[in-house]
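Below: the structure, in structure tokens.
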Amino acid sequence: MRRTWRRCALACAGMLLLAAGARAATEAEAGAALRAAEQQQAEAARLRNRWIPAEAALKAAREALRTRDYDRATELAGRAEALARRSVEQAREQETAWRDAVIR
Amino acid sequence: MRPRSSRRARAATLLALGAVVATGLHPSRAEERPDPAADLRAFQAHFRDRFPQLPIAEFANGPYAMDAGMRQQWEEIMQFPPYDFAVEEGKQAFETPFANGKRYADCFPEGGTGIRQTFPYFDTAAGEVVTLDLAINRCRERNGEKPLPYQTGLMASITAYMAETSRGKPFDIRIPDDKRALAAYEDGKRFFYSRRGQLNFSCASCHVQAAGQRLRGDVLAPALGILASFPIYRSEWGSMGTVDRRFTSCSAQTRSEPFAPQDPGYRNLEYFLSYMSNGVPIAGPGTRP
């Protein structure tokens with residue numbers, strides 16, 4: 001009896017956690033994620049090193065926001081931001097690293 | 001949609017190339033004064049050592065200089081060159097006066113004949129690199145005509161005709177002793193050697209380190225002489241393409257957002273690559289698989 005109760009408690013806690021994780025994103029959250037991605041992408045543009053998949057994810061995120069699919073917008077914006085961040089890192093690193101590749 | 005296996009094979013080739021490139025690194029170098037003449041000697045010596053049996057003129061032929069099998073197919077294709085229509089169209093456009101009665105010939109030295117090898121040049125008055133394609137559009141605009149789109153079509157035809165009148169003339173690119181010209185050269189050189197895009201490749205990754213190797217169905221052209229055959233008729237495109245078209249598609253291959261045609265970044269890149277090819281004769285227009 002006691003064991004059944006404990007098992008039930010565990011399952012309930014698990015379900016609560018899952019529910020919290022899967023909670024739908026709000027418009028505000030999607031908007032914030034998109035702004036963060038746009039900021040990174042603007043920096044990549046300033047360094048003249050935008051990546052195609054970052055730009056594509058950003059466009060898709062904007063479209064998802066427009067159609068009020070906030071979960072998808074948040075996820076895509078997150079992806080765009082991560083890609084844009086790597087493109088910025090690449091550009092900064094290459095500011096000096098390119099010289100190592102020069103034929104001498 | 002490409003079959004999955006070929007996509008996987010392509011990813012594997014790219015990874016293998018990446019590994020080849022990564023092993024060729026030197027320790028970091030501080031900034032140096034640009035020395036184009038020294039760069040040119042080292043650049044050409046690199047390719048001479050890599051392909052000792054290849055005369056310098058052969059570098060104009062890109063993949064066909066690298067691969068005997070492809071070369072034979074090429075010789076068959078060249079019995080009826082697929083760019084002939086473009087040369088014809090270009091010649092006609094070149095000789096037709098603008099609405100104001102002026103011609104292209106009025107915009108260029110030597111009436112525009114036999115001058116392809118001197119482009120791009122550094123315009124010391126304007127302080128910028130001027131490519132042949134840009135000079136053609138500026139000529140049009142000065143004479144009240146609309147500029148042409150840069151990647152294909154009539155622009156490719158006119159440059160095809162102008163290249164044909166220059167065949168056999170070695171690239172003769174000058175870098176004047178001018179801070180801005182050196183900066184433009186250096187910017188093009190930086191672009192060529194910088195890793196870009198999601199795949200983290202530079203132009204040099206494919207056209208220096210992997211020159212002559214196969215990537216999917218293609219044999220990678222060596223960077224020496226890489227612009228000597230432009231514009232080209234490319235079977236994969238089914239049409240003519242200019243330098244802008246090629247730069248755009250090579251940028252996209254590395255998942256890097258291409259610049260707009262004739263962006264100063266691309267012009268500087270063309271300046272650098274053409275200068276590195278000094279001595280390689282113009283062979284354009286060309287044909288490619």
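In whole Hz, what ³J(HN,Hα) sequence does region B:153-162 give by Karplus (6.51, -1.76, 1.60; θ = phi - 60°), x for Gly and Pro?
Running phi through 6.51 cos²θ - 1.76 cosθ + 1.60 with θ = phi - 60° gives x, 4, 4, 5, 5, 5, 5, 5, 5, 5 Hz.
Could you compute Rg(Cα) / (2.2 N^0.38 Å) for region B:130-289, with N its residue count?
Working: Rg = 15.4 Å, N = 160, 2.2 N^0.38 = 15.1 Å.
Dividing the Cα radius of gyration by 2.2 N^0.38 Å gives 1.02.
Expressed as a whole number of Å, what is the distance separating the alpha-carbon centroids of region B:219-289 and region B:101-159?
When both Cα centres are located, 17 Å separates them.
Determine, for chain B, the count of lysine pairs separated by eight or more sequence positions (or lying on different chains) whose alpha-carbon distance falls under 27 Å. If you can, show how the numbers build up before the last one.
Numbers: B:91/B:102; B:91/B:146; B:91/B:169; B:102/B:146; B:169/B:189; B:179/B:189.
Going through chain B pair by pair, I get 6.
What is the sum of charges around residue B:232, taking Lys and Arg as +1, Asp and Glu as -1, for the other residues whose C-beta is under 10 Å from the C-beta of residue B:232? If you can, show how the numbers build up before the last one.
Values: positive: B:234, B:245, B:246, B:288; negative: none.
With Lys, Arg at +1 and Asp, Glu at -1, the net is +4.
In whole percent, how big is the carbon plus sulfur part of the accessible area of region B:73-163, probe 1.4 Å, protein atoms only?
On the way: 2310 of 4490 Å².
After summing per-atom areas, the C and S share lands at 51 percent.
Under a Cβ-only charge scheme (Lys and Arg +1, Asp and Glu -1), can you give me the dipole magnitude of chain B about the Cα centre, in debye to the nearest 20? Intermediate values should be presented prior to the final figure.
Numbers: 36 positive and 32 negative charges, 215 e Å.
I would put it at about 1040 debye.
For residue B:190, what accessible area in Å² do you get when you roll a 1.4 Å probe over the heavy atoms of the protein chains, rounding to the nearest 10?
In the full protein context, residue B:190 sits at about 90 Å².
How many nm is it between the label spots at residue B:76 and residue B:252, if each spot is 7 Å from the Cα in line with the beta carbon?
The answer from the label model is 2.9 nm.
Long-range amide H contacts for residue B:196: which residues qualify at under 5 Å (H placed 1.01 Å from N, peptide plane, sequence gap of 5 or more or a different chain)?
The list, which skips near neighbours in sequence, is B:201, B:202.
Per-residue Cβ counts within 10 Å, from other chains only, averaged over B:189-199: what number is that?
On the way: counts 3, 5, 3, 3, 8, 10, 8, 9, 7, 8, 1.
The shielding value for this peptide is 6.
Residues of region A:70-104 with accessible area at least 30 Å² lower in the all-protein-chain context than alone (1.4 Å probe)?
A:90, A:94, A:98, A:99, A:100, A:101, A:102, A:103, A:104
Each label point is 7 Å from the Cα along the Cα-to-Cβ direction; what then is the distance between the points at residue B:38 and residue A:32, in nm?
Those two pseudo-labels are separated by 5.4 nm.
By its C-alpha gyration tensor, with a ≥ b ≥ c as the square roots of the eigenvalues, how is region B:220-289 shaped: rounded for a/c under 1.5, else prolate for a/b larger than b/c, else oblate?
On the way: a/c = 1.74, a/b = 1.08, b/c = 1.62.
Oblate, since a/c reaches 1.5 and b/c is not below a/b.
Please work out whether the protein assembly as shown counts as rounded, prolate or oblate from its C-alpha gyration tensor, where a ≥ b ≥ c are the square roots of the eigenvalues and a/c under 1.5 means rounded, while otherwise a/b larger than b/c means prolate and anything else oblate?
On the way: a/c = 2.09, a/b = 1.85, b/c = 1.13.
Because a/c hits 1.5 or more and a/b exceeds b/c, the protein assembly as shown counts as prolate.
Kindly write out, for region A:28-43 in residue order, the coupling ³J(HN,Hα) from the Karplus curve 6.51 cos²θ - 1.76 cosθ + 1.60 (θ = phi - 60°), rounded to whole Hz, with x marking Gly and Pro.
5, 5, 4, x, 5, 4, 5, 5, 4, 5, 5, 5, 4, 5, 5, 5
Could you run the numbers on buried accessible area between A and B, total for both chains, 1.4 angstrom probe, in Å² to the nearest 100? Provide the component values of the computation, followed by the final result.
On the way: alone 7980 and 14350 Å², together 19990 Å².
Buried surface at the A/B interface: approximately 2300 Å².
Using a 1.4 angstrom probe on the protein heavy atoms only, line up A:103, B:56 by accessible area, largest first. Could the numbers behind the result be given before it?
Working: A:103 20, B:56 70 Å².
Sorted descending by solvent-accessible area, the residues read B:56, A:103.
Can you give me the solvent accessible area of residue A:51 with a 1.4 Å probe, rounded to the nearest 10 Å²?
Residue A:51 exposes around 10 Å² with every protein chain in place.
Considering the Cα trace of chain B, what is its radius of gyration and what is Dmax, both in angstroms?
Looking at chain B, its Cα Rg and Dmax stand at 19.0, 59 Å.
At 222 nm, what helix-only mean residue ellipticity would the protein assembly as shown give, in deg cm²/dmol to the nearest 500, using -39500 (n - 2.57) for each DSSP H run of four or more? Display every interim value, and only then the final one.
Details: 14 runs with 204 residues, N = 393.
Calculated from helices alone, the mean residue ellipticity at 222 nm is -17000 deg cm²/dmol.
Heads up, I need the accessible area for residue A:63: 1.4 angstrom probe, whole protein in place, Å², nearest 10.
Ignoring ligands and nucleic acids, residue A:63 comes out at about 80 Å².
Tell me the label-point distance for the pair residue B:214, residue A:82, using the 7 Å Cα-to-Cβ offset, in nm and rounded to one decimal.
3.5 nm
What do you reckon, how do B:207, B:46 stack up by accessible area (1.4 Å probe), largest on top? Don't jump to the answer; show the numbers that get you there.
Values: B:207 35, B:46 55 Å².
Sorted by accessible area, descending: B:46, B:207.
Report, by chain and number, residues whose modeled amide H sits under 5 Å from the one on residue B:232, excluding near sequence neighbours (fewer than 5 apart, same chain).
B:241, B:286
With springs connecting C-alpha atoms under 10 Å apart, model chain B as a Gaussian network and identify which of B:53, B:262, B:72 has the largest mean-square fluctuation.
Largest GNM mean-square fluctuation: B:53.
Projected onto the charge dipole of chain B (+1 at Lys/Arg Cβ, -1 at Asp/Glu Cβ, origin at the Cα centre), which of B:194, B:99, B:254 gives the Cα projection farthest towards the positive end?
B:254
From the backbone phi of region B:114-124, what are the Karplus-calculated ³J(HN,Hα) couplings (6.51 cos²θ - 1.76 cosθ + 1.60, θ = phi - 60°) in whole Hz, Gly and Pro given as x?
Taking θ as phi minus 60°, the curve returns x, 10, 3, 5, 9, 10, x, 10, 9, 7, 6 Hz for region B:114-124.
The values are calculated or read from the model by the stated rules, or taken from the named source; none is laboratory data. No experiment lies behind these values; they were computed from the predicted model shown. Note that we place each Cβ from the backbone using ideal geometry, even for glycine, and neighbour counts take in every protein chain shown. Heads up: the accessible areas ignore ligands, DNA and RNA and are worked out on the full protein's heavy atoms, side chains in. Shrake-Rupley method; radii C 1.70, N 1.55, O 1.52, S 1.80 Å.
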